[in-house]
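What follows is a short report on a single structure.
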Amino acid sequence: MEINEALKTFEEYERKFQSISYVRFMREWDMETSAPVEASSIEANLMEYIEELHYNLLQEDRYIECINTLMNNLNEVPKNWRRLVQDSYKNRALLNCVPQEEYIRYQTLLGETHSKYREAKENNNFKIVKPYLQGIIEFKRNYIKWVDNLSDAKGYDVLLDEYEPNFGMTRYDEFFELVKSEIVPLHKKIRDKKKLYNTFNKIELTSEQKTQLADYLRNVMCLDKNKFVFRHSLCNVTMSCTNKDVRVCVDYGQNLKNFIGSCLHEMGHALYSMQMSDEYNMNSIHDGASQSMHEGQARFFENLVGKSFAFWQAHLSNIKKICPQLQDVSLLDFYSYMNECDNVVARIDSDELSYPIHILIRYEIEKWMFSNDFNIDLLPQKINNMYKEYLGINICDDRDGVLQDIHWYLGAFGYFPAYALGNVYAGQLYNTMSSKFDIKKSMQSATLDDIAKWLKTNVHTFGASKYPKEIMKEATKEEFNPNYYVDYLKEKFGRLYEIDMQASTQNKRMDEITK
């Protein structure tokens, strides 16, 4: 096959794959927002045909020939397609190691597990979903064995690589050791101190107020309402299939602080998807550079912007118009409220300082899951013990422990560490951004247009056409550096709680975020 024919063929297949992704996208959206509970198991069986179709497309001789041609002539492939070609070649080869019947059975299992997980959580009973989770873990353990000869990554690294390419346990271990040595001790000192502010924690908003608040934040975030849908759901999630169709769900049951944080977090994901180049709408490049990069955008707006003093200088007065319950609350008190170290059991509701510790727990659990010592019967107690060790929290039931997050029940092992890595990316990007323009002034503006434009040019527009390492190096002019993020946490919370903590680097630019 000639190179030009191969490129044309590849584009045709990408369009087919994106069409299948659209079916998955619509089903997932429906399941999160409006599908009846009883629909799950039936629809899982119906989706079996879609998954079989996808699998068979990847095995077609014409597709294999075109992928091989492109890989053998990679220098002739347009630069913005090279990563996709490489990833497609690798993923097809990896999938080819999985027996077709096992692949289809696994996809069906995931569909069935979704409803069982919800039933287990509602009944606070892990046993309801335990055999399904056991099946998912067994598939993943077999998958690691099946791909052993084709993947440079080994063991748990195979799963980590799916969410952050070329960032395995060695580098994650180094980062989480930094969390253990720097953040865990600070957190222990703070959780024993008096709360900063809790007078208005019990203020409750109506659903209408939350909808108005979300719409206000959407406008601040520069999200085009003609390309954006917002709904409330039991889970906080963002979905997109093109940059013209981006959808967000946020849990309306959260308190004010967590609702604002969730809106900004999911809208950060949405902005990333919306600002990807139009040319990637019909192929798999319409995706984040990695899950960590996507989380980096979300955590940037949730925390570095949404919990800054500068942001609320501009927006608290407008929020008070929507929420008159806040009329007598001062700016300083509201800032303290937004940055309270609550040390709650729920990861999704955790404060900025506690969050990486929640991820540390899940990272260590996942490493254990894929070791020879794993026993699913010990999983609930293992999680409870680690919460006590690292956060000083006693977990009393399955709902708050082993059933807290849905990720494992979706087969998403290796996902949690990407959350923590996203925070690091956010800190490093903030550091660079603040050297390019007055970011504090931008956060005090009516909209975050300057920040959105910088991120579009330097991060968002590329989608998945480049690897995270490339994007970060080009955007920040330096290699991966977790110290900006760790210093930021130490300086901010050390100041808020009057604890003297020495920064681990001499770079103090991050200090301005809490001045």
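No value in this document is a laboratory result; all are computed from the given coordinates. Predicted, not measured: the structure shown is a model, and the values here were computed from it. A quick note on method: Cβ atoms are made from the backbone with ideal geometry, for glycine too, and the neighbour counts reach across all protein chains shown.
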- Query: D438 to M282: extension gain in nm, 0.36 nm per residue of separation minus the Cα-Cα distance?
  - Reply: 52.5 nm
- Item | In Hz, Karplus ³J(HN,Hα) per residue of region 381-389 (6.51, -1.76, 1.60; θ = phi - 60°; x = Gly, Pro) | 5, 4, 5, 4, 5, 6, 4, 5, 5
- Which residues in region 323-360 place their backbone N less than 12 Å from a point set 7 Å from the Cα of H407 along the Cα-to-Cβ direction? 347-348, 356-360
- Crossing angle, helix 61-72 versus the chain [Cα axis fit, 0-90 degrees, rounded to tens]: 70
- Extension gain (nm, one decimal) between Y216 and E102, 0.36 nm per residue minus Cα-Cα: 36.4 nm
- Could you check what % of the DSSP bridge pairs in the chain are antiparallel, to the nearest 5? 50
- Task: Using 0.36 nm per residue of separation minus the Cα-Cα distance, give me the extension gain between L332 and M71 in nm, one decimal.
- Result: 88.2 nm
- Sticking with the crude label model, points 7 Å out along Cα→Cβ, report the distance from T461 to E389 in nm, one decimal please. 4.7
- Query: Label-point separation (nm) for Y49 and A93, each offset 7 Å from Cα along Cα-to-Cβ?
  - Reply: 3.4
